[in-house]
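The values are calculated or read from the model by the stated rules, or taken from the named source; none is laboratory data. Quantities reported herein were computed from a predicted structural model and do not represent experimental measurements. Cβ sites come from the backbone with ideal geometry, for glycine too, and all protein chains shown count toward neighbours. Accessible surface areas use protein heavy atoms only, side chains included; no ligands, DNA or RNA. Shrake-Rupley method; radii C 1.70, N 1.55, O 1.52, S 1.80 Å.
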Amino acid sequence: MKAKLTFYVTLMVSTTLCVVIFAMVMTLMMGLFNDKVDNTEIFKLISPAFQTVVGGFIGLLAGVKLSHDDEDEPK
């Protein structure tokens, strides 16, 4: 049961991470090719948000994996 729950949580987090990364990259690309937007400002705005989101999700995935491995005992 716990393995199934861990699988579903990992799947949801990975899917959400992919959607967020895709949306952020598309926003960055649209801003880069828009003549009205200063490119240096785009990097200043998106870079910290990008690092925070990626770091948070990777930390969550690592925590789920580590907590799942701690309770598995060898047979």
Exercise for the section: Pop out the carbon and sulfur fraction of the accessible area of the chain as a percent, whole number, probe 1.4 Å. Expected result: 71
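Relative to the Cα centre, what is the charge dipole magnitude of the chain, using +1 at the beta carbon of each Lys and Arg, -1 at the beta carbon of each Asp and Glu, and rounding to the nearest 20 debye?
Details: 6 positive and 8 negative charges, 34 e Å.
Rounded to the nearest 20 debye, it is 160 debye.
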Exercise for the section: Return the calculated 222 nm mean residue ellipticity for the chain, to the nearest 500 deg cm²/dmol, obtained by summing -39500 (n - 2.57) across DSSP H runs with n ≥ 4 and dividing by the residue count. Expected result: -31000 deg cm²/dmol
Problem - Which label in (1) 1.40; (2) 1.06; (3) 1.55 gives the computed Cα Rg over 2.2 N^0.38 Å - result: (3)
Practice task
At 1.4 Å probe size, with every protein chain present, just tell me what the per residue accessible area of the chain comes to in Å².
Solution key: 80
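Per 0.36 nm of contour for each residue apart, how much would the distance between Val9 and Phe22 grow if the chain were fully extended, relative to their Cα-Cα spacing? Intermediate results must be reported in sequence, preceding the final value.
Working: separation 13, 0.36 × 13 = 4.68 nm, distance 1.99 nm.
Length gained between Val9 and Phe22: 2.7 nm.
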Practice task
Set Lys and Arg Cβ to +1 and Asp and Glu Cβ to -1, take the dipole of the chain about its Cα centre, and tell me which of Phe43, Val25, Gly63 lies farthest positive.
Solution key: Val25
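Run the numbers on the chain and let me know its relative contact order in percent, using alpha-carbon pairs under 8 Å that are six or more apart.
Details: 25 pairs, mean separation 34.1, N = 75.
Relative contact order for the chain comes out at 45 percent.
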